[in-house]
Amino acid sequence: MKEFYNSLTFDGTDYQMQSVNLRDFSEKTATPFYIYDMNYIINKYERLKMCFPYESVRIFYAMKANYNPHILKIMKEHNFCLDTVSPAEVILAKKIGFDAKNILFTANNMTDAEMKTVKEQGVLFNIDSLYRLERFGKAYPGSEVCIRINPDVVAGENDKVATAGDLSKFGILLGDVQKAVAIAKEYDLKIVGVHEHTGSGIADTGKVFESMVNLLQIINPTDFPDLEFVDFGGGFKVPYEPDEKENDYEEFGAKAVELFRTHCERYGKALKLYFEPGKFTMADSACMVLQANTVKNNKGRLIVGTDSGFPHLIRPVLYGAYHHVVNLSNPQGEVKVYDIYGNTCESGDCFAMQRELPEIRPGDYLAIMNAGAYCRSMASEYNLRPLPAEYVIYDGEVITAKKKLSHEELAERILKDYGM
């Protein structure tokens, strides 16, 4: 009987991603490295779309979760849409071949220079403040625009990823919507979209539904005569712990579509329905593989040292996030309790505390699960450790997406970057 760990399968002896045996692959590949299952990403994207039985539904992948160009290129071939948050993301997406109409730009606290750069790329702006909306109107009167509303619902798996409510920096308050409408009229802006996003990793889909209700209450044909779509953001939860269950998005999707259809009837036309699933399509598609190199017994506390660290996977340190760990080399070993640490000069450089795992020996390969989103994209070279290599498995073929620099190559690149 197989056990399933996200995109990995375990047959009782070895862990595999598609047909790739990860223990064998690790033994011939320099660690640490990230490895992604591209077919898993595509299937999850398509599965999510099917949860919303609506004629004009679009799903926007959050490019900030992972901007690997090889992954993005395949996403483009499968008609993914992109949610972008910086000029460089927009430019990279365009260079890969994404059509401007499939890109939404949702920046926070953008500058005039950034606004100009993105406008030249021809993508639609999603603007989240009255000040920036007025600056945009003055610079580009008569343009189409989307506005981001704060739906006054606080949700998310961590305070640092809750993106709504009175204290949030994101979005135009519900009470200020008429001010936004007035600015649009003054500069002949056509508000073609209204957007909200209330948080990331939301366990309670009722919170998402509540934010939808709040947003739809302000949408009417008098204030928004040019409206084409409503974007309800996302924050869709991904299970990180083995005993977590995935939310029932089929049930939520049916309920959300019924609400939206009813509102479209009141509005007077069928609007397009957008969602932004964030890390949902990416997080559990990948793992980061590292190697144990030290095992200490500190008065009964087993401490494992590895050849990676929090700069390569920062979520446990930054958010207190749980990432499941498996022992690729000794999956049937005697179960013991370990603290798993990284190799940087920080006491907080810890991937997992007091985890039950099959015996870990120096040289064993460990896989840190759910490493597809907000891991490589948030990684750094702190302590001057080279970034891990990246591999993408697509239709059974392993693509080397990014090579790992040697220590010598990294030092040389630093000197070059500083003009030395």
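The values are calculated or read from the model by the stated rules, or taken from the named source; none is laboratory data. Only a predicted model underlies this, so the values are computations on that prediction, with no experimental measurement involved. Here the Cβ positions follow ideal geometry from the backbone for every residue, glycine too, while neighbour counts run over all protein chains shown. Areas reflect the complete protein model, heavy atoms only, side chains present, ligands, DNA and RNA absent. Shrake-Rupley method; radii C 1.70, N 1.55, O 1.52, S 1.80 Å.
Any idea which of 416, 403 is under 30 Å from residue 42 (Cα atoms) and free of Cβ contacts under 8 Å to residues at least 24 places away in the same chain?
403
Tally the residues that are open to solvent by 40 Å² or more (accessible area, probe 1.4 Å) and assigned to a loop (DSSP other than H, G, I, E, B), restricting the search to the range 375-389.
Residues of the range 375-389 that are open to solvent by 40 Å² or more (accessible area, probe 1.4 Å), as a first pass: 378, 380-385.
From what is left, the residues that are assigned to a loop (DSSP other than H, G, I, E, B) are 380-381, 385.
Of the residues in the range 375-389, 3 are open to solvent by 40 Å² or more (accessible area, probe 1.4 Å) and assigned to a loop (DSSP other than H, G, I, E, B).
Given the condition under 28 Å from residue 402 (Cβ atoms), in contact with a Pro (Cβ under 7 Å, 6 or more places away or on another chain), among the aliphatic types (A, V, I, L, M) and in a strand (DSSP E or B), answer yes or no: does some residue in the range 326-347 qualify?
no
Anything in the range 256-294 that is farther than 20 Å from residue 106 by Cβ and either of a type in the set (Ser, Thr, Tyr) or part of a strand (DSSP E or B) (or both)? List them, or say none.
The answer is 262, 267, 285, 286, 287, 288, 289, 290, 291, 292, 293, 294.
Check residue 314 against each of (1) in contact with a helix residue (DSSP H, G or I) (Cβ under 8 Å, 6 or more places away or on another chain); (2) of a type outside the set (Asp, Glu); (3) open to solvent by less than 30 Å² (accessible area, probe 1.4 Å) and name the one condition it does not meet.
Here residue 314 clears every test but (3).
Condition check: open to solvent by 10 Å² or more (accessible area, probe 1.4 Å), touching a helix residue (DSSP H, G or I) at 6+ places or on another chain (Cβ under 6 Å) and more than 30 Å from residue 367 (Cβ to Cβ). Does residue 270 satisfy that?
yes
For residue 308, all conditions in the list (1) open to solvent by less than 20 Å² (accessible area, probe 1.4 Å); (2) over 28 Å from the mean Cα position of the chain (by Cα); (3) under 23 Å from residue 385 (Cβ atoms) hold save one; what is the number of the exception?
(2)
Looking at (1) touching a strand residue (DSSP E or B) at 6+ places or on another chain (Cβ under 7 Å); (2) modelled with pLDDT of 95 or more; (3) open to solvent by 10 Å² or more (accessible area, probe 1.4 Å), which is the only condition residue 133 fails?
Every condition holds for residue 133 apart from (3).
Out of everything in the range 223-248 that is aromatic (Phe, Trp, Tyr) and under 21 Å from the mean Cα position of the chain (by Cα), what residue ends up being modelled with the lowest pLDDT?
236
Just to be sure, is residue 325 surrounded by fewer than 18 Cβ atoms within 10 Å (Cβ to Cβ), modelled with pLDDT of 95 or more and in contact with a Leu (Cβ under 7 Å, 6 or more places away or on another chain)?
In short, no.
Inspect all residues belonging to the range 96-107 and state whether any of them is over 19 Å from residue 234 (Cα atoms) and of a type in the set (Gly, Ala, Ser).
Scanning the range 96-107 turns up at least one residue that is over 19 Å from residue 234 (Cα atoms) and of a type in the set (Gly, Ala, Ser).
For the condition open to solvent by 20 Å² or more (accessible area, probe 1.4 Å), touching a residue at least 24 places away in the same chain (Cβ under 8 Å) and not charged (D, E, K, R), what is the one hit in 335, 392?
335
I'm trying to understand the selection: among the residues of the range 101-124, which are among the charged types (D, E, K, R) and touching a strand residue (DSSP E or B) at 6+ places or on another chain (Cβ under 9 Å)?
Our first condition is that a residue be among the charged types (D, E, K, R); within the range 101-124, this holds for 101, 112, 114, 116, 119-120.
Listed by number, the residues that qualify are 101, 119.
Kindly check whether there is at least one residue in the range 223-242 that is surrounded by fewer than 15 Cβ atoms within 10 Å (Cβ to Cβ) and either of a type in the set (Phe, Trp, Tyr) or over 21 Å from residue 266 (Cβ atoms) (or both).
Scanning the range 223-242 turns up at least one residue that is surrounded by fewer than 15 Cβ atoms within 10 Å (Cβ to Cβ) and either of a type in the set (Phe, Trp, Tyr) or over 21 Å from residue 266 (Cβ atoms) (or both).
Return a yes/no flag: does the range 401-414 have any residue that is modelled with pLDDT of 95 or more, open to solvent by less than 60 Å² (accessible area, probe 1.4 Å), part of a loop (DSSP other than H, G, I, E, B) and within 30 Å of residue 236 (Cα to Cα). Show your work before the answer.
The initial filter retains those residues of the range 401-414 that are modelled with pLDDT of 95 or more, namely 401-414.
From the residues that got through so far, the ones that are open to solvent by less than 60 Å² (accessible area, probe 1.4 Å) too are 401, 405-406, 410-411, 414.
Narrowing the set further to residues that are part of a loop (DSSP other than H, G, I, E, B) leaves 405-406.
Pick out the ones that are also within 30 Å of residue 236 (Cα to Cα) and you get none.
No, every residue in the range 401-414 fails to be modelled with pLDDT of 95 or more, open to solvent by less than 60 Å² (accessible area, probe 1.4 Å), part of a loop (DSSP other than H, G, I, E, B) and within 30 Å of residue 236 (Cα to Cα).
Any idea which of (1) assigned to a helix (DSSP H, G or I); (2) among the acidic types (Asp, Glu); (3) within 19 Å of the chain's Cα centre (by Cα) is the one residue 251 doesn't satisfy?
For residue 251, the exception is condition (3).
Would you please list the contacts, defined by Cβ atoms under 6 Å and residues six or more apart or on different chains, that run from a residue in the range 264-275 that is basic (Lys, Arg) to a residue that is loosely packed, with under 13 Cβ neighbours inside 10 Å?
Within 6 Å, the pairs are 272/56.
Among 352, 371, 367, which is open to solvent by less than 20 Å² (accessible area, probe 1.4 Å), out of contact with any Lys or Arg (no Cβ under 7 Å at 6 or more places or on another chain) and farther than 19 Å from residue 30 by Cα?
On inspection, the qualifying residue turns out to be 352.
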